[in-house]
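These notes concern the structure reproduced below.
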Amino acid sequence: MQAAFTRTPPVIDGRLDDAAWQEAAVVDDLHMVEPDEYAPPSERSVIYVLYGSDALYFGARFYDSEPGAITARVLRQGDVSFGEDGFSVMLDPFDQGQGGYIFDLNPNGVRSEALYTEVTEEDWDWTGIWRGAAHRDDAGWTAEMAIPFKTLSFDPRNATWGINFTRWLGRRNERFGWVSHNRTQNPAIMGELAGLAGIEPGRGLDVVPALRSGERRERGVAADTFLEPSLDVFYKPTPALTAALTLNTDFSGTTADTREINLTRFDLFFPEQRQFFLSDADIFAFGRIGDENGLPFFSRRIGLSDEGEPVDIDVGGKLTGRVGGFDLGLLGVSQDAVIGPGSSELLVVRAAAHVLAESALGMIVTRGDPEGTRDNSLLGVDFRYLNTRLSADRTVVAAAWYQRTQTDGLEGDDAAFGLSFELPGRRGLQIEGGWKEIQENFYPALGFVNETGVREERLEVGWLWRPTDSFVRSLESKIELERMERIGGGLVSQALELAFFEAENQAADVLEINTRIHREHLTEPFEISDGVVIPAGDYEFTQLCAELATGEHRVLAVVSEACDGEFYEGELLGAAADLVWRPSAHFRLGAGFEWNDVDLPQGEFTTRLARLKADVAFTSTWYWENLLQYDNVSESLGINSILRWVPEAGREALLVVNRVLEDPDGNDRYSSVYREITLKVSYTFRF
């Protein structure tokens, strides 16, 4: 597609009545991607593409034979509208097929955006500044977007970008696209937007001052009032590079972590939610390790303790982007030490070269220990292989990596290395696996490790059917084996899952029945609950589980699971469910629970976890988010309430209430142990 230039940008009001659209490049040949790839779409779509000196502009007319049935129950900006009607634009400014952006708009004009951290991995917690609007009428709905070049990393010498479009039709669980392969759309599977010239990214400077004021009370500590400024500065020395500086960093608007109850011996992984670290997070991705054991850099190690408590960051700097054929990431932070007085100076360096057609060869270096107790450094190299052109319906994804740490007091056995592969497909054989070794003294102080001195193997094999003209859209059976053993010999744990079937209907409802066979070797007693200690020894137990999830487009959507069977030398009956009720675009009520009844020879106990999330969207710029969480392990109730005003992207005012109440005696008498009320205002100045 040839780019069309405009000197008179359209007004972004969602109505497509500006004269500029008459000169736009037009895309009107979308095809069905789901459920029947390349079939004619059930509804017609027309997309218009323009660019000016400072932004890309997209308009769209989405015809709908049932305009009253358009699904759009999301009104809160940034809330990802999966399962609804929507319009997505995918951009790969470097046209390398290895990364990029997604910008999504629903019929209410709600914006959400994502960053590709891998070709097949999307991070919807990333935010970027852009404008969007939508309008409904008797023919369907229309959409307009303006995406500033300042929001993107790109090479101005590159006149051709990767581009793709998706239309989502929620009530029928259908997806239409411009370019697809094997029912997939990602940076490796895109069309091209050619002829981009005369782009003026400006000075590339964003200055974001913020001021927060409030009061903090902790049990046994005098009340503390505060008035604190903070400053974030983002500068693009080139359009492909972004430098960021943060002073007296504040994360007041970050949503609280979702609680989990852990019945295993291993630490849980919680995702990053803070925007300073999410920006260009794809640059720091390593070896396709994801949230697994052995991750060299995990940004939650910075500015947070192991318990998730904030640690003051005095100053932080980051440089990310592309230089020639290289991806470059540099992060430096000075923060208070997690343990003891003093500060910790932390550094991460990441570089990767694009090789072959779609692959990358890279290295990573980290230095510093957030705990501030000893010197630590890490060096790692990785090769990430991707081939999306293997055959008409097959892709190859693979990775190999090696890391080594150097830590005061730890000598030898300080390496970690691994391999992984995946042959994803939209039908037929599905296979995925990996192997890794994490040596005893491997200590990535800025990474994530939940067990050392082990080897891990993982293999998943399945078969996916896609019936035609059937109530069932897809049916999959698979077997998955995960095994961890000591390097010197001996089992640590093993899980074998037999998924008899996972069936999805045309309305996106999914039912799965599986059985899980566990083997555990405890070298020392394991206290699984207060006063309940499982002795050292070998254990094998089997559980039968059922999972049911309804389509997200429904007014009431449910994700649930129930398991029954053996647990060590006893029994476990467990159930969990998350329900989301969206009666209108203005109100969303989510309720979740997790319950486990455990009966062991050493004792009985029951774990309970409950969540209640209530969001009220007064308008598309005013909304109130509330999250209440309780579990009987900590016997605490957490409250996170945020009243947010976002008149436009990059400008925000919020009132945050965080409170924790505890019932240490278990007598249902809760007392406050922590309360913080914060008012924060931030404003982005773009130059």
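Rg of the Cα atoms in segment 1-156, relative to 2.2 N^0.38 Å, amounts to 1.02.
For the chain, the relative contact order works out to 9 percent when only alpha carbon pairs closer than 8 Å and six or more residues apart are counted.
Remark: segment 348-402 is approximated by an ellipsoid whose semi-axes, taken from the C-alpha gyration tensor as √(5λ), come to 33, 11, 7 Å, largest first. For segment 347-353, the Karplus equation 6.51 cos²θ - 1.76 cosθ + 1.60, evaluated at θ = phi - 60°, returns couplings of 9, 9, 10, 9, 9, 8, 9 Hz by residue, with Gly and Pro reported as x. Ordering 152, 365, 115 by Cα displacement along the dipole of the chain toward the positive end leaves 152 in first place; charges were set at the Cβ atoms of Lys, Arg (+1) and Asp, Glu (-1).
The base-10 log of I(q)/I(0) for segment 64-158, evaluated at q = 0.11, 0.13, 0.18, 0.24 Å⁻¹, reads -0.35, -0.48, -0.83, -1.23 [Debye formula, identical scatterers on Cα atoms, solvent excluded]. Counting only Cβ charges, +1 for Lys and Arg and -1 for Asp and Glu, the dipole size of segment 87-171 around its Cα centre is about 320 debye. Magnitude of the charge dipole for segment 199-303, about its Cα centre and with charges confined to Cβ atoms of Lys, Arg (+1) and Asp, Glu (-1), is about 160 debye.
Of the Cα atoms belonging to the chain, the radius of gyration and Dmax stand at 25.7, 77 Å. Accessible surface calculations at 1.4 Å, restricted to protein heavy atoms, place segment 608-664 at 43 Å² per residue.
Please report the carbon-and-sulfur percent of the accessible area for the chain; probe 1.4 Å, protein heavy atoms only, DNA, RNA and ligands left out. Kindly include the intermediate steps, with their values, before the conclusion.
Working: 16180 of 29950 Å².
Here carbon and sulfur together make up 54 percent of the probe-accessible area.
When the alpha-carbon atoms of segment 335-447 are used, the pair Rg, Dmax equals 18.2, 59 angstrom. As I understand it, the dipole of the chain uses +1 on the Cβ of Lys and Arg and -1 on the Cβ of Asp and Glu, about the Cα centre. Which of 21, 276, 430 lies farthest toward its positive end? Final value for the positive-end residue is 21. Per-residue 3J(HN,Hα) values for segment 94-109, derived from phi via the Karplus relation 6.51 cos²θ - 1.76 cosθ + 1.60 with θ = phi - 60°, read 8, 6, 10, x, 10, x, x, 9, 10, 10, 10, 9, 9, x, 8, x Hz in sequence order (x marks Gly and Pro). Counting only DSSP H runs of at least 4 residues, each contributing -39500 (n - 2.57), and dividing by the residue count of the chain, the helix-based mean residue ellipticity at 222 nm comes to 0 deg cm²/dmol. Distances between every pair of Cα atoms in segment 119-189, grouped in 10 Å steps from 0 to the bin holding the largest one, split as 13, 36, 40, 10, 0 percent.
Given that compact globular proteins tend to follow 2.2 N^0.38 Å, what is the ratio of the alpha-carbon Rg of segment 519-612 to that value? Can you show the working numbers first?
On the way: Rg = 17.5 Å, N = 94, 2.2 N^0.38 = 12.4 Å.
Compactness ratio reported: 1.41.
With r defined as the distance between the Cβ atoms of residue 686 and residue 517 and R0 fixed at 45 Å, what FRET efficiency is calculated, to the nearest 0.05? Between residue 686 and residue 517 the formula returns 0.20.
Restricting to Cα pairs below 8 Å that are 6+ residues apart, what does the relative contact order work out to for segment 352-396? Please round to a whole percent. Result for segment 352-396 is 32 percent. Between the listed residues 346, 417, 450, the Cα displaced farthest toward the positive end of the dipole of the chain, a dipole computed from Cβ unit charges relative to the Cα centre, is found at 346.
If only the Cβ of Lys and Arg carry +1 and only the Cβ of Asp and Glu carry -1, the dipole of the chain around its Cα centre is close to 2520 debye. According to the calculation over all Cα-Cα pairs in segment 138-263, the P(r) per 5 Å bin from zero is 2, 7, 10, 11, 11, 12, 12, 13, 9, 6, 4, 2, 1, 0 %.
The values are calculated or read from the model by the stated rules, or taken from the named source; none is laboratory data. Predicted model, so just to flag it, every value in this text is computed and none were measured. All Cβ positions, glycine included, derive from the backbone under ideal geometry; neighbour counts span all protein chains shown. Ligands, DNA and RNA are stripped out before the accessible areas are found, and what is left, the full protein with its side chains, is counted by its heavy atoms. Shrake-Rupley method; radii C 1.70, N 1.55, O 1.52, S 1.80 Å.
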